[in-house]
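Asker: Structure in structure tokens, see below.
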Amino acid sequence: MKKNILLTILLFSIFSVTSFAQSEAQIAAELKSKGITTTSDIQAELKKRNMTEADARKLAKQYGISYDQFIATYITGKKTAESKAAGTKSIKPSLPPVPPPAKKTPVATPAKAAKNTAPTKKGGLSYFGYNIFKNIPAAFKPNEIGPIDPGYIIGPGDVLQIYIWGAVQFQYQLTVDQQGNIFIPTAGQFFVSGITYKNLQKKLKNFLSKFYEGLKKNPPTVFLDVSLAKLRPIRIFVLGEVAQPGGYNISSYSTVFNALYSVGGPLVSGSLREIRVIRHNKVVTKVDLYDYLLKGKLIGDIRLQNNDIVFVPPRLKTVSISGEVKRPAIYELKQNENIKKLIEYAAGLKPTAYTDRATISRIIPFSERKYYSLERKVIDVNLNTILNSKKKDFTLYDGDSVKIYSILNELKNYVEISGAVYRPGTYELAKTPRIKDLIKEAYGIRPEAYLGKADIIRTRPDSTKEFLTFDLGKALNGDELNNVQLQPQDSVKIYSIYDLKDLKTVSISGYVKTPVTMTYADSITLYDMVFKAGGLEDPFFRGKAYLQRGDLIRFNPDGYTTKIIPFSLKKLLNDPSYNMKLEPGDKIYIYKADVEKVLNKTVTIRGQ
């Protein structure tokens, strides 16, 4: 047992001995508890996390910690006492989250992109911006071709396209092997690793001129062109608040956006505003995805290089906004961004927004909390004074919730008119102060308008109703008493003569082709109705009608009782002088020929 512990301690002799509380023996014990007892075991664990020992040493150097501290964090999953003691006073960047072991190095392609399954909603509001990573548009796949930096250094995995033409013609597509060589079938092996793209053609021309003298003749008879058909993939590290932090092999043409899409984007806990690219221990660019989402600009989206670190820090100040804004959501604000920027990110206020008052629900910051007091409060804000001033703003805190209210859904500066006018509807009170003005705006009264009386339903300030009446004819003639002064929300009713009396009809039924009921019109006659019902002008159809008698049922002057006026259908059809005028309410009945006499001698009374 003691020999094994001593052996493990010896394996860590490569670690620097520094003054931190966690001893090598403690680290060794922790490693042994995970079944790691040799240097090979450590390297195997690093490989599971998509790292080599060189990668681990480089990352440890970038984060300003020793290699053994890095191993203690990334393999045992525990921070050293030194890193704990440093606390917030340490100027060294904090270590990224420990990446989970992986069976193989992930390839950052859309087909194998990590899925971000974190929730994107809270309290009915969505976290703005994270949904763009749910699907990977083709526009964000890395380009297969593109401009190549003249200083690009050729290395294993690059594919060269060689063209020879002139006196000799051939072309080859050759891959640089692990030893840095390409094999040209007509010339043999040539070492290209470490040569810049700018110098590649010159050196290859010198080599091939030994076999093809025409390359150096003056004028030349053989010509050479060399290009890069495919660049070798590069390895980058995506760390921080992402679903699967670790090392990734990606296309040499990939940018920050390509890398983010390929790993599924930041988690909801990760920032969209300050994604960093770290190269040689320096932050070379910061990407703010809000520039892309809100302005359509890809600012800071640089092309990545080998061993770059794309680091997604935790979310910055998080504030929600709801109510009368065009895009209610949960937004991430930078330190100097406050309520004006929040409203701008929410696409501005709706026309229905009430700007005299907005409320902010706030969690009181730690430094401001007092004993025996609540940790939440509500603050009222006048948006008018803020939005109309270039200098004024209202400072928001992490966790604030802003609510924009709606204006009242009430109208008062209007009047309504309905009934027998050409344009019934709602009108502005200022243009229609009196009845005559309102009727003029409504294009005047219709011919059937009843002039003797019209009504106004008025709404009092306490919402109760008042009924007023006036003489419409006198109002139109400018009579001061009847041309009433209108008030807000007045509703004017102009009656039709048909509203005041029933529309009388006449009808015909029985043995006719088309029974008819129509509105009574002056001068309509009995023959007109028989002709309108049709069929009796047809000899065959007429032959089946009872021509000796038809009945006209007419109201008596009392308006309730009726009388039967028999007529000869035969005479009516043959003698125009036999015709008679109809009166309102008349009903005509034509019988079929098989009716000769009434057998059922009864009468019936119904109704009230």
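Asker: Can you quote the Å³ per residue value for the convex hull of the Cα atoms in the range 185-276, rounded to an integer?
Answerer: Values: hull volume 12.9 nm³, N = 92.
For the range 185-276, the hull spanned by Cα atoms encloses 140 Å³ per residue.
Asker: Run the numbers for K392 and I605: contour at 0.36 nm per residue of separation, minus the present Cα-Cα distance, in nm.
Answerer: Working: separation 213, 0.36 × 213 = 76.68 nm, distance 8.66 nm.
Stretched out fully, the K392 to I605 stretch lengthens by 68.0 nm.
Asker: For the range 338-399, state the semi-axes of the equivalent ellipsoid (square roots of 5 times the eigenvalues of the alpha-carbon gyration tensor), sorted largest first and rounded to whole angstrom.
Answerer: Working: eigenvalues 133, 30, 24 Å².
Semi-axes (√(5λ), whole Å): 26, 12, 11.
Asker: So, by mean Cβ neighbours within 10 angstrom, what's the order for 432-445, 230-243, 501-514 with the highest one leading? Intermediate values should be presented prior to the final figure.
Answerer: Values: 432-445: 17.9, 230-243: 21.1, 501-514: 15.0.
Ranking the peptides 432-445, 230-243, 501-514 by packing returns 230-243, 432-445, 501-514.
Asker: Right, something else. Pop the C-beta distance of T196 and F170 into the FRET formula with R0 = 41 Å and round what comes out to the nearest 0.05.
Answerer: Values: r = 25 Å, r/R0 = 0.61.
Rounded to the nearest 0.05, the efficiency is 0.95.
Asker: Per residue, how much accessible area does the range 386-434 show when a 1.4 Å probe rolls over the protein heavy atoms, in square angstrom?
Answerer: Values: 3420 Å² over 49 residues.
Solvent-accessible surface per residue comes out at 70 Å².
Asker: Would you mind working out the accessible area per residue for the range 213-287, using a 1.4 Å probe, and quoting it in Å²? Can you show the working numbers first?
Answerer: Numbers: 2720 Å² over 75 residues.
Averaged over the residues of the range 213-287, the accessible area is 36 Å².
Asker: Here's another thing I want to ask about it. Compute and list, largest first, the equivalent-ellipsoid semi-axes of the range 412-510 from the alpha carbon gyration tensor, each √(5λ) rounded to a whole angstrom.
Answerer: On the way: eigenvalues 160, 45, 34 Å².
Working through the eigenvalues yields semi-axes of 28, 15, 13 Å.
Asker: If I model a spin label at I132 and Y372 as a point 7 Å from the Cα along the Cα→Cβ vector, what separation in nanometres do I get?
Answerer: Distance between the two pseudo-spin positions: 5.2 nm.
Asker: What's the percent breakdown of Cα-Cα distances in the range 233-354 across 5 Å bins, shortest bin first?
Answerer: 2, 11, 19, 21, 17, 11, 8, 6, 3, 1, 0, 0
Asker: Assuming R0 = 56 Å, what is the FRET efficiency of N181 and T352, from their Cβ-Cβ distance, to the nearest 0.05? Mind dumping the intermediate values first?
Answerer: Details: r = 72 Å, r/R0 = 1.29.
The formula returns an efficiency of 0.20 here.
Asker: Now, a different point. Let me know the shape class of the range 141-222, please: from the alpha-carbon gyration tensor, a ≥ b ≥ c as square roots of the eigenvalues, rounded when a/c is under 1.5, otherwise prolate if a/b is greater than b/c, or oblate.
Answerer: Numbers: a/c = 1.86, a/b = 1.62, b/c = 1.15.
It comes out prolate by the Cα gyration axes.
Asker: Provide the three semi-axes, in whole Å and in decreasing order, of the ellipsoid equivalent to the range 471-593 as defined by the square roots of 5 times the Cα gyration tensor eigenvalues. Provide the component values of the computation, followed by the final result.
Answerer: On the way: eigenvalues 416, 41, 32 Å².
They are 46, 14, 13 Å, listed from largest to smallest.
Asker: So what does log10 I(q)/I(0) come out to for the range 345-471 at q = 0.15, 0.21 Å⁻¹, using the Debye formula with one equal point on every Cα and no solvent?
Answerer: After summing over all Cα pairs, the log10 values are -0.84, -1.23.
Asker: Treating only the Cα positions of the range 243-282 as identical point scatterers, give the base-10 log of I(q)/I(0) from the Debye formula at each q in 0.22, 0.28, 0.29 Å⁻¹.
Answerer: -0.86, -1.25, -1.29
Asker: Please compute the modelled spin-label separation between Y405 and I379, points set 7 Å along Cα→Cβ, answer in nm with one decimal.
Answerer: 1.8 nm
Asker: For a 26 Å ceiling on Cα separation, which of these pairs sit above it: K563/K601; K47/K297; K134/K317; K134/K297?
Answerer: Details: K563/K601 17 Å; K47/K297 38 Å; K134/K317 23 Å; K134/K297 20 Å.
Exceeds cut-off: K47/K297.
Asker: How much length, in nm to one decimal, is gained on full extension between A593 and N579, taken as 0.36 nm per residue of separation minus their Cα-Cα distance?
Answerer: Separation in residues times 0.36 nm, less the Cα-Cα distance, equals 2.9 nm.
Asker: Solvent-accessible area of T602, probe 1.4 Å, all protein chains present, reported in Å² to the nearest ten, please.
Answerer: 90 Å²
Asker: Pop a pseudo-label 7 angstrom from the Cα along the beta-carbon direction at both S418 and Y520 and give the gap in nm to one decimal.
Answerer: Between S418 and Y520, the simple spin-label model gives 2.9 nm.
Asker: Using C-alpha positions alone, give me the convex hull volume of the range 366-413 per residue in cubic angstrom.
Answerer: Numbers: hull volume 6.5 nm³, N = 48.
Enclosed volume per residue, from the Cα hull, is 135 Å³.
Asker: Per q in 0.27, 0.30, 0.32 Å⁻¹, report the Debye log10 I(q)/I(0) for the range 555-598, using one uniform scatterer on each alpha carbon and no solvent.
Answerer: So the normalised log intensities are -1.10, -1.17, -1.22.
Asker: Binning at 10 angstrom from zero up to the longest distance, how are the C-alpha pair distances of the range 491-531 distributed in percent?
Answerer: Taking every Cα pair in the range 491-531, the percentages come to 23, 39, 20, 12, 5, 0.
Asker: So, in the range 490-551, how many Lys pairs have Cα atoms under 23 Å apart, if the pair is 8 or more places apart or on different chains? The partial results should precede the final answer.
Answerer: Details: K493/K501; K504/K532; K513/K532; K513/K544; K532/K544.
Taking the range 490-551 as the scope, the lysine pair count is 5.
Asker: Taking a spot 7 Å from the Cα of R549 along the direction of its beta carbon, which residues of the range 569-587 have an amide N less than 13 Å from it?
Answerer: Output list for this probe position: 569.
Asker: Sticking with this one: Shape verdict for the range 268-322, please, from the Cα gyration tensor: rounded (a/c under 1.5), prolate (a/b greater than b/c) or oblate. Before the final figure, lay out the partial values.
Answerer: On the way: a/c = 3.25, a/b = 1.62, b/c = 2.01.
Oblate is the answer for the range 268-322, as a/c is 1.5 or above yet b/c matches or exceeds a/b.
Asker: Please compute the per residue accessible area over the range 444-576 with all protein chains in place, 1.4 Å probe, rounded to a whole number of Å².
Answerer: Working: 8020 Å² over 133 residues.
For the range 444-576, the per-residue accessible area is 60 Å².
Asker: Taking every alpha carbon pair in the range 276-426, what does the distance histogram look like in 10 angstrom bins from 0, in percent?
Answerer: Values per bin, smallest distances first: 9, 27, 24, 18, 12, 5, 3, 1, 0.
The values are calculated or read from the model by the stated rules, or taken from the named source; none is laboratory data. Computed from a prediction, not measured in an experiment: that's the story for all the values here. FYI the Cβ positions are ideal-geometry reconstructions off the backbone, even for glycines, and counts take in every protein chain you see. These area figures cover heavy atoms from the full protein model, side chains too; ligands, DNA and RNA do not enter into them. Shrake-Rupley method; radii C 1.70, N 1.55, O 1.52, S 1.80 Å.
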